[in-house]
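Contents: one structure, followed by commentary.
The values are calculated or read from the model by the stated rules, or taken from the named source; none is laboratory data. The structure displayed is predicted, hence computed values, not measured ones. For neighbour counting, all protein chains shown are included, and Cβ atoms are generated from backbone atoms with ideal geometry for every residue, glycine included. Areas reflect the complete protein model, heavy atoms only, side chains present, ligands, DNA and RNA absent. Shrake-Rupley method; radii C 1.70, N 1.55, O 1.52, S 1.80 Å.
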Amino acid sequence: MPRPSQPPDPGTFSVIQPPPDQQSYARLGVFYFGLCDDDVALSPVLYAGSAVLKPACVDMTNAKSPAPTMEEWRKARTSAYGQTELKKVGVVEEEVIQGVVVKHYS
């Protein structure tokens with residue numbers, strides 16, 4: 001008699017094997033677990049002296065609204081999960097959350 005299926009253990013996750021031509025390479029996973037306090041404003045740090053970093057920074061001087069707090073951003077990201085249609089831009093998929101373009105690389 002077959003056993004009834006049991007829900008997966010929350011500590012267990014599935015591992016997907018890389019394509020055959022990449023199996024000899026070391027794999028690296030990046031996980032996002034660090035969050036700052038809920039009341040911290042997530043405004044970008046502007047590096048005026050860096051020719052490399054300055055173009056990548058967001059100019060908040062003409063922003064229509066203040067930078068979101070960590071709490072606002074966390075709630076917006078979690079409520080948008082699976083609800084937003086991603087827009088394909090080249091090899092990247094993008095969505096806009098609270099006026100911020102979020103890029104998904106897969």
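What the table shows:
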{"item": "Neighbours by Cβ (under 9 Å, 6+ apart or cross-chain): first from region 63-83, of a type in the set (Asp, Glu); second open to solvent by 90 Å² or more (accessible area, probe 1.4 Å)", "result": "GLU71/ASP37; GLU71/ASP39; GLU72/GLN98"}
{"item": "Some residue of region 82-92 being at pLDDT below 80 and open to solvent by less than 70 Å² (accessible area, probe 1.4 Å)", "result": "no"}
{"item": "Some residue of region 44-63 being modelled with pLDDT of 70 or more and open to solvent by 60 Å² or more (accessible area, probe 1.4 Å)", "result": "no"}
{"item": "Of the criteria (1) at pLDDT 65 or above; (2) open to solvent by 80 Å² or more (accessible area, probe 1.4 Å), which one GLU71 fails", "result": "(2)"}
{"item": "Pairs, first loosely packed, with under 12 Cβ neighbours inside 10 Å in region 28-43, second at pLDDT 80 or above, C-beta under 6 Å, six or more apart", "result": "ASP39/THR69"}
